[in-house]
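Trainee: My structure is below; once you've seen it, I'll send some questions.
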Number of protein chains: 2
Amino acid sequence: MKEFENKKVSIKDVAKAVGVSTTLVSLVINGKAKQYRIADEMAGRVMAKVKEMNYTPNLMARNLRGGKTQLIGLIVTDISNPFFSMISRVIENRANELNYTVIFGSSDEKYTNTQKLIDVLLNKGADGLIIVPCDGSERIMEKLHLNKTPIVLIDRCFKNIDISFSCLDNHRATVIATQHLIEQGFRKISLIAYQSQMSNVMDRISGYKDTMRKAGLEKQINVKQVSFSNTKSDVFGTVKRFVEKDKTEAILFSTNMLSIHGLTCLKEMNVKIPDDVAVVGFDESDVFDLYECPVSYIKQPVEQIGKTAVDILVDKIKNGESTKQSMAVLEPELIVKRSSLRNG
Amino acid sequence: MKEFENKKVSIKDVAKAVGVSTTLVSLVINGKAKQYRIADEMAGRVMAKVKEMNYTPNLMARNLRGGKTQLIGLIVTDISNPFFSMISRVIENRANELNYTVIFGSSDEKYTNTQKLIDVLLNKGADGLIIVPCDGSERIMEKLHLNKTPIVLIDRCFKNIDISFSCLDNHRATVIATQHLIEQGFRKISLIAYQSQMSNVMDRISGYKDTMRKAGLEKQINVKQVSFSNTKSDVFGTVKRFVEKDKTEAILFSTNMLSIHGLTCLKEMNVKIPDDVAVVGFDESDVFDLYECPVSYIKQPVEQIGKTAVDILVDKIKNGESTKQSMAVLEPELIVKRSSLRNG
DNA sequence: CTGAAAGCGCTTACAG
DNA sequence: CTGAAAGCGCTTACAG
């Protein structure tokens with residue numbers, strides 16, 4: 001049965017079948033028939049044979065010849081984190097629309113892993129990279145950029161390097177959340193963030209601090225940064241301290257995992273939300289709606305962030321403008337539920 | 001600055017630097033020095049230069065030459081579904097350990113998408129595929145298998161084709177869940193599953209039915225299959241009917257999304273769990289622990305399923321035994337929380 | 001023990 | 001308008 005045949009047909013096979021040279025076939029396939037003034041009839045015959053024989057060019061060979069692989073390398077910190085799996089799906093969809101496929105890896109927030117993954121993905125022929133950079137990876141990114149590797153950062157960026165990125169307006173995110181809590185009448189508002197120097201974390205912290213200061217609540221500023229490695233127990237310790245010792249009135253969690261750990265802790269402590277403590281979470285999670293008290297949260301425009309990143313990257317790949325910096329800063333949205341209302 | 005140089009060093013560069021032929025370098029790199037009785041001193045010099053020049057072989061060229069890409073193609077139904085993103089992470093980790101990288105795509109349960117993705121992934125040079133097959137994809141898988149493409153199915157399999165797979169013991173999963181509910185004294189136990197002919201769904205349904213029959217509860221069997229496209233509203237309609245009309249005492253949800261939609265509905269309906277209705281969910285979710293009443297669930301051995309799939313696949317790729325069928329059927333675990341206890 | 005040469009499948013100057 | 005040939009970077013018979 002023909003359809004079960006194993007070996008792929010090559011351009012040679014097509015050429016032989018039509019009775020022309022491989023050059024001709026190649027030209028026709030690549031839409032250069034007009035340019036080389038190949039007879040329409042000829043081009044038609046070739047295309048017909050290509051269809052008939054179900055020929056698809058070997059990408060490895062094409063790439064080797066100097067072309068592209070149509071492969072986009074994606075490095076997230078952890079594909080199993082819902083936020084990153086959502087954004088991966090968006091990236092996948094947009095990439096597919098533009099005829100690209102995604103190869104990926106998870107860095108676990110370690111720059112050594114990031115470096116390894118970059119090497120691997122480029123070695124596999126990725127035409128460009130979309131990266132969630134982590135602490136300590138600034139020089140790595142700079143190097144890539146200087147090397148003119150097409151690259152777009154997502155979720156976080158570096159202010160001192162002119163690499164393109166597609167990120168949330170992180171400062172604004174905590175500004176609107178903090179404002180909302182202040183408007184609700186809360187004063188002792190505390191923030192939990194990761195222990196990181198990355199822009200997303202720093203901006204979320206400064207958005208909170210700036211807003212507190214502007215409201216004359218400088219004295220109430222209370223930020224705790226927890227480690228990546230010990231997140232759960234750190235969050236538990238922090239939440240307990242906030243509630244029991246600091247008498248915090250409202251807690252702002254600055255990522256989805258921090259929110260979930262925090263909510264778990266609050267539940268175990270039997271804290272009533274929002275009566276005892278108000279809460280605002282970050283990113284989306286099924287948990288927010290299904291928690292005893294529906295949880296307010298800052299929603300990221302995941303669709304836009306992902307799609308924009310792909311578009312910028314593909315533009316770089318195609319037009320060779322890998323150096324031109326594109327900066328996409330996207331708007332957060334505050335979804336208000338009962339957890340952050342004064343009289344919820 | 002040397003480290004910023006763009007062009008990659010090739011085997012030729014190394015050969016020239018050492019003053020030997022590319023053949024020699026290639027042999028040494030590929031660990032065939034002994035086999036070809038190359039002088040240790042020579043091999044040492046070559047390796048030193050390789051390190052010094054930071055040479056890594058071009059995979060495209062290697063693959064073109066007849067070798068492999070060290071790329072594993074992964075097709076899930078949706079990378080943003082937590083269950084699949086978790087398993088993707090496991091697959092990624094194991095693949096990396098074995099020196100493979102993952103390219104992936106989401107089929108959205110459509111066999112036409114599956115076919116397209118297979119073509120794309122193979123065209124990009126994937127050495128083998130790990131696939132979550134969907135309804136209507138049986139012939140596609142059979143064809144791949146006959147073509148001797150290394151392939152392993154996960155999550156679901158086809159009983160009539162001898163393709164390798166790594167799956168949960170789906171029948172056993174609902175058997176232990178149903179038994180547990182019966183032991184707790186529930187009689188009117190209902191099941192919600194997807195509208196699908198795939199093995200995972202069919203086995204979960206039959207595990208439930210068999211157990212009900214064995215317990216003399218044949219008359220109480222109540223299964224509703226909901227569509228993939230309209231899942232949420234279908235689940236809502238079903239749960240309402242179960243509770244209000246059928247007076248169901250316990251609901252068994254047979255996937256994570258069904259569980260989450262179901263719990264959302266029960267919450268909206270203000271149903272008390274487990275007093276009004278007992279519940280057992282499927283797969284893991286942060287929601288289960290944080291729901292008003294902690295939810296019992298059937299836990300899949302995600303680690304094992306993913307790791308086994310990779311191991312089987314790589315064995316096929318390396319040893320060319322793509323035809324030999326390996327069947328991994330892994331044990332479910334029932335995690336009991338308050339939601340399924342008679343006097344919870 | 002080591003090297004010259006072919007060839008994987010493709011594209012693209014270069015000729016005609 | 002069309003074809004012969006080089007070359008992308010690699011591996012592997014084949015010689016010696």
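The values are calculated or read from the model by the stated rules, or taken from the named source; none is laboratory data. The structure displayed is predicted, hence computed values, not measured ones. Cβ atoms come from the backbone with ideal geometry, glycine included; neighbour counts cover every protein chain shown. Heads up: the accessible areas ignore ligands, DNA and RNA and are worked out on the full protein's heavy atoms, side chains in. Shrake-Rupley method; radii C 1.70, N 1.55, O 1.52, S 1.80 Å.
Trainee: Measuring label to label, 7 Å along Cα→Cβ, what does A:Thr112 give against each other copy in nm, shortest first?
Mentor: When each copy's label point is compared with this one, the spacings are 4.9 nm.
Trainee: Using the heavy atoms of the protein chains alone and a 1.4 angstrom probe, what is the accessible area of region A:2-57 per residue in square angstrom?
Mentor: Ligands and nucleic acids excluded, the result is 70 Å² per residue.
Trainee: For each pair in B:Lys267/B:Lys337; A:Lys116/B:Lys68; A:Lys267/B:Lys188, compute the distance between the two Cα atoms and list the pairs where it is over 26 Å.
Mentor: Distance filter (> 26 Å) returns A:Lys267/B:Lys188.
Trainee: Quick one: Cα centre-to-centre distance for region A:4-53 and region B:313-344, in angstrom?
Mentor: Centre-to-centre distance over Cα atoms comes out at 47 Å.
Trainee: With a point put 7 Å past each Cα toward its Cβ, work out how far A:Thr323 is from A:Met202 in nm, to one decimal.
Mentor: For A:Thr323 paired with A:Met202, the spin-label model returns 2.6 nm.
Trainee: For region B:174-250, what is the convex hull volume of its Cα atoms per residue in Å³?
Mentor: Spelled out: Cα convex hull of region B:174-250, divided by residues, is 79 Å³.
Trainee: With +1 on each Lys and Arg Cβ and -1 on each Asp and Glu Cβ, how big is the dipole of the protein assembly as shown about its Cα centre, in debye rounded to the nearest 20?
Mentor: I would put it at about 1900 debye.
Trainee: Kindly compute the accessible surface that chains B and A hide from a 1.4 Å probe when together, both sides summed, and give it to the nearest 100 Å².
Mentor: 4600 Å²
Trainee: Report the Cα centroid-to-centroid distance between region A:181-247 and region A:116-179 in angstrom, as an integer.
Mentor: Cα centroid of region A:181-247 versus Cα centroid of region A:116-179: 25 Å apart.
Trainee: Across the Cα atoms of region A:135-178, what radius of gyration and what greatest pairwise Cα-Cα distance (Dmax) are found, in Å?
Mentor: In Å, with Rg to one decimal and Dmax whole: 12.6, 41.
Trainee: Per residue of A:95-108, how many C-beta atoms from partner chains lie within 10 Å of its own C-beta, taken as a mean?
Mentor: Across A:95-108, the average partner-chain Cβ count within 10 Å equals 4.
Trainee: What is the dipole size for chain A, taken about its Cα centre, with +1 at each Lys and Arg Cβ and -1 at each Asp and Glu Cβ, in debye to the nearest 20?
Mentor: Computed charge dipole of chain A: roughly 960 debye.
Trainee: Take the Cβ-Cβ distance between B:Glu52 and A:Ser229 as r, set R0 to 25 Å, and report the resulting FRET efficiency rounded to the nearest 0.05.
Mentor: 0.10
Trainee: Take the rotation relating chain B to chain A, measure from its axis to every Cβ in chain B, and name the nearest residue with the distance in whole Å.
Mentor: Value returned for chain B: B:Ser85, 2.
Trainee: Taking the Cα centre of region A:2-57 as origin, work out the dipole magnitude from +1 charges on Lys and Arg Cβ and -1 charges on Asp and Glu Cβ, in debye rounded to 20.
Mentor: Dipole of region A:2-57, to the nearest 20 debye: 160 debye.
Trainee: Next up: Given the convex hull over the Cα atoms of region B:62-107, what projected area results after averaging over all orientations, in nm²?
Mentor: For region B:62-107, averaging the hull's shadow over all directions gives 3.4 nm².
Trainee: Could I ask something else about it? Taking only C-alpha pairs under 8 Å that are 6+ residues apart, what is the relative contact order of region B:2-57 in percent?
Mentor: Relative contact order comes out at 44 percent.
Trainee: Have a look at B:Leu217, B:Phe158, A:Leu71 and report the one farthest towards the positive end of the charge dipole of the protein assembly as shown, computed about the Cα centre with Cβ charges (Lys/Arg +1, Asp/Glu -1).
Mentor: Farthest towards the positive pole: A:Leu71.
Trainee: Within region B:241-344, list the GluC sites (Glu not before Pro) lying in a DSSP loop whose Cβ has at most 15 other Cβ atoms in a 10 Å radius.
Mentor: B:Glu321
Trainee: Quick check on chain B: helices-only [θ] at 222 nm, where DSSP H runs of length 4 and up contribute -39,500 (n - 2.57) each and the sum goes over total residues. Nearest 500, please.
Mentor: Calculated mean residue ellipticity at 222 nm is -13500 deg cm²/dmol.
Trainee: When the convex hull of the C-alpha atoms of region B:203-326 is computed, what volume per residue in Å³ does it have?
Mentor: 143 Å³
Trainee: Now for a separate question. So what does log10 I(q)/I(0) come out to for region B:285-336 at q = 0.17, 0.31 Å⁻¹, using the Debye formula with one equal point on every Cα and no solvent?
Mentor: Each listed q corresponds, in turn, to -0.64, -1.13.
Trainee: Using the charge dipole of the protein assembly as shown (Lys, Arg: +1 at Cβ; Asp, Glu: -1 at Cβ; taken about the Cα centre), state which of B:Gly128, A:Ile192, A:Phe282 has its Cα farthest towards the positive end.
Mentor: So the residue furthest toward the plus end is B:Gly128.
Trainee: When the C-alpha atoms of the protein assembly as shown are aligned to their principal axes, what extent does each axis show, in angstrom, from largest down?
Mentor: 77, 69, 59
Trainee: Whole number please: convex hull volume per residue, Cα atoms of chain B, in Å³.
Mentor: It comes to 169 Å³ per residue, whole-number rounded.
Trainee: Provide the descending list of Cα extents for region B:2-57 along its principal axes, expressed in whole angstroms.
Mentor: The Cα atoms of region B:2-57 stretch 37, 17, 16 Å along their principal axes.
Trainee: Which positions within region B:41-74 get 50 Å² or more of their accessible surface covered by the other protein chains, compared to the chain by itself, with a 1.4 angstrom probe?
Mentor: Residues meeting the cut-off: B:Leu59, B:Met60, B:Leu64.
Trainee: Provide the descending list of Cα extents for region B:1-120 along its principal axes, expressed in whole angstroms.
Mentor: Projected onto its principal axes, the Cα set of region B:1-120 covers 56, 39, 24 Å.
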